[in-house]
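Undergrad: Provided herewith is a single structure, encoded as structure tokens, for subsequent inquiry.
The values are calculated or read from the model by the stated rules, or taken from the named source; none is laboratory data. Remember, it's a predicted structure, so these values are computed and weren't measured experimentally. All Cβ positions, glycine included, derive from the backbone under ideal geometry; neighbour counts span all protein chains shown. Heavy atoms of the whole protein, side chains included, go into the accessibility calculation; ligands, DNA and RNA do not. Shrake-Rupley method; radii C 1.70, N 1.55, O 1.52, S 1.80 Å.
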Amino acid sequence: MTNISHKRSLPVTRRLRYIVLLVAAAALLASGGWTAARAASGAVNVFYAGSLVNLNENLIGPAFASASGYTYQGKGAGSGAIANQIKGKIATPDVVEFADPAVNLTLMGSANGSYVSWYLTYARSELVIGFDPKSKYAAEFVQVQKHKLVWYKALQQKGLRFGRTDPNIDPKGYRAIWMANLAQKVYHLMGFEQKLFGDVENPDQVFPEQTLVARILTGQVSAGVFYLSEVKDLGIPYITLPHEVNLGSTQAKYVKLYATQHFTTAAGQTVIGAPIEYTISIPSTVKNEAGAEAFVQFVLSKRVRAISSAHGLLVLKVKASGDASAIPTALTGFVGK
């Protein structure tokens, strides 16, 4: 199965919206004095979590190329799938963006190939349930939006075609399982996870991260688990979830609740529940170091983060993890901001 995605066609109205945003963002960033620290040359190969596909391919990537002079090349997949491709020497990215800090750990240390020595956590999100407004099941989701129906009732509709991602290669996949398990725990919903998902790897529900959005846009699924950034980015109708189950809060009481969840992937990695956070790093596979640093600077710049936040990729104070001495000097100034 191919896990890499490229730019996906958008409906005309949304494509026009992206063009307007792209032109405005590129102009704003360029006029704001942002330039690459060194002379721009060559391509910057960015592998990113599939949930960033529209943001990266339709806005950030082109704006970076316009503002810096580098050529942007982006590829999206499940974060775990990207890590596996790096380990298998299939992927040699200049920059990696993961949807879970834990994925970096699978690439750190000599036992894991030392592909990543440091990473910066820079954004957060939360789980929501996106739905097809043309589906016969949409009415109950609208009732949830109007606060006339509890959210999990809408998911219990008979025959609902539900979509999620593979928990073995994508953080959103195991977070969906945690969401359901937390709902069982908090709301005393006996068997909720089993009734909603069936088998953990149910082939009727599990799709590659980069295609799940396309399936709901084309009516192939009636509802699914998404990040806030995905539904806001494309205007997909959605219902929000309580902090107890959306894995989006950084408040101590919720962080403690999330930590009651865990999942062990087919590769044997056990992941512990935690708030949804995005990271960015320059792995040892980098070929264009100057371009990689320029892209990370661009993503972490104040204006780009503000634009990303408007698309649902919420601002988080930048945190450094791993070997701090290995972080390029040009990037250390972003830590703590």
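Undergrad: Over 27 Å between Cα atoms: which of K148/K195; K172/K256; K256/K317; K89/K337; K136/K253; K185/K319 fall into that group?
TA: With Cα atoms farther than 27 Å apart: K89/K337; K136/K253; K185/K319.
Undergrad: Report the Cα centroid-to-centroid distance between the range 161-213 and the range 254-270 in angstrom, as an integer.
TA: 14
Undergrad: At q = 0.10, 0.15, 0.17 Å⁻¹, what is the base-10 log of I(q)/I(0) for the range 164-313 according to the Debye formula with one equal point scatterer per Cα and no solvent? Please give it to two decimals.
TA: Taking Cα atoms of the range 164-313 as identical point scatterers yields -0.43, -0.94, -1.15.
Undergrad: Right, next: Provide the FRET efficiency to the nearest 0.05 for the S309-K158 pair, computing r from the beta carbons and using R0 = 41 Å.
TA: 0.60
Undergrad: Calculate the dipole size of the chain relative to its Cα centre from +1 charges on Lys and Arg beta carbons and -1 charges on Asp and Glu beta carbons; express the result in debye to the nearest 20.
TA: Using only the charged Cβ atoms, the result is roughly 840 debye.
Undergrad: Students often check this: by mean Cβ neighbours within 10 Å, which of 262-275, 230-243 ranks highest, and how do the rest follow?
TA: In descending order of packing, they fall as 230-243, 262-275.
Undergrad: Next up: Find the eigenvalues of the gyration tensor of the Cα atoms of the range 249-337, then list the square roots of 5 times those eigenvalues as equivalent ellipsoid semi-axes, largest first, in whole angstrom.
TA: Result for the range 249-337: semi-axes of 27, 19, 13 Å.
Undergrad: Note down the accessible area of S325, probe 1.4 Å, to the nearest 10 Å².
TA: The accessible area comes out at roughly 100 Å².
Undergrad: In whole percent, and with a 1.4 Å probe on the protein chains, what portion of the accessible area of the chain is carbon and sulfur?
TA: Ligands and nucleic acids excluded, carbon and sulfur give 55 percent.
Undergrad: Also, I was wondering about something else. Of L331, A223, G78, which is farthest along the charge dipole of the chain in the positive direction, counting Lys and Arg as +1 and Asp and Glu as -1 at C-beta?
TA: So the residue furthest toward the plus end is A223.
Undergrad: Which three semi-axes in whole Å describe the equivalent ellipsoid of the chain, each the square root of 5 times a Cα gyration tensor eigenvalue, listed largest first?
TA: For the chain, the ellipsoid semi-axes come out as 32, 23, 18 Å.
Undergrad: Rolling a 1.4 Å sphere over the protein heavy atoms, what is the accessible area per residue of the chain, to the nearest Å²?
TA: With all protein chains present, the chain gives 42 Å² per residue.
Undergrad: Hey, got a sec? Which GluC sites (Glu not before Pro) in the range 123-220 land in a DSSP loop and have at most 13 other Cβ atoms within 10 Å?
TA: E201
Undergrad: Sorted by accessible area with a 1.4 angstrom probe, largest first, how do M190, M108, M179 fall?
TA: Largest accessible area first, the residues go M190, M108, M179.
Undergrad: Multiplying the sequence separation of D204 and H147 by 0.36 nm and subtracting their Cα-Cα distance, what value in nm do you get?
TA: Gain on extension, D204 to H147, equals 17.5 nm.
Undergrad: So for S117, S249, S110, what's the accessible-area order with a 1.4 Å probe, most first?
TA: S110, S117, S249
Undergrad: While we're on this one: Once you sort the root eigenvalues of the Cα gyration tensor of the range 122-248 as a ≥ b ≥ c, which label holds: rounded (a/c under 1.5), prolate (a/b larger than b/c) or oblate (the other case)?
TA: Judged from the Cα gyration tensor, the range 122-248 comes out rounded (a/c under 1.5).
Undergrad: Taking only Cα atoms, what is the 0 to 90° angle, nearest 10, from helix 289-300's long axis to the longest principal axis of the chain?
TA: 50
Undergrad: Further question: Ordering T250, T329 by how much accessible area each has at a 1.4 Å probe, largest first, what is the list?
TA: Ranking T250, T329 by accessible area, largest first, yields T329, T250.
Undergrad: While we're here: Please work out how much accessible surface L217 shows to a 1.4 Å probe, ignoring ligands, DNA and RNA, in Å² rounded to 10.
TA: Its accessible surface works out to 70 Å², give or take rounding.
Undergrad: Something else now. Tell me the net charge near L228. Cut-off is 12 Å between Cβ atoms, L228 excluded, with +1 for each Lys or Arg and -1 for each Asp or Glu.
TA: Value of the local net charge: 0.
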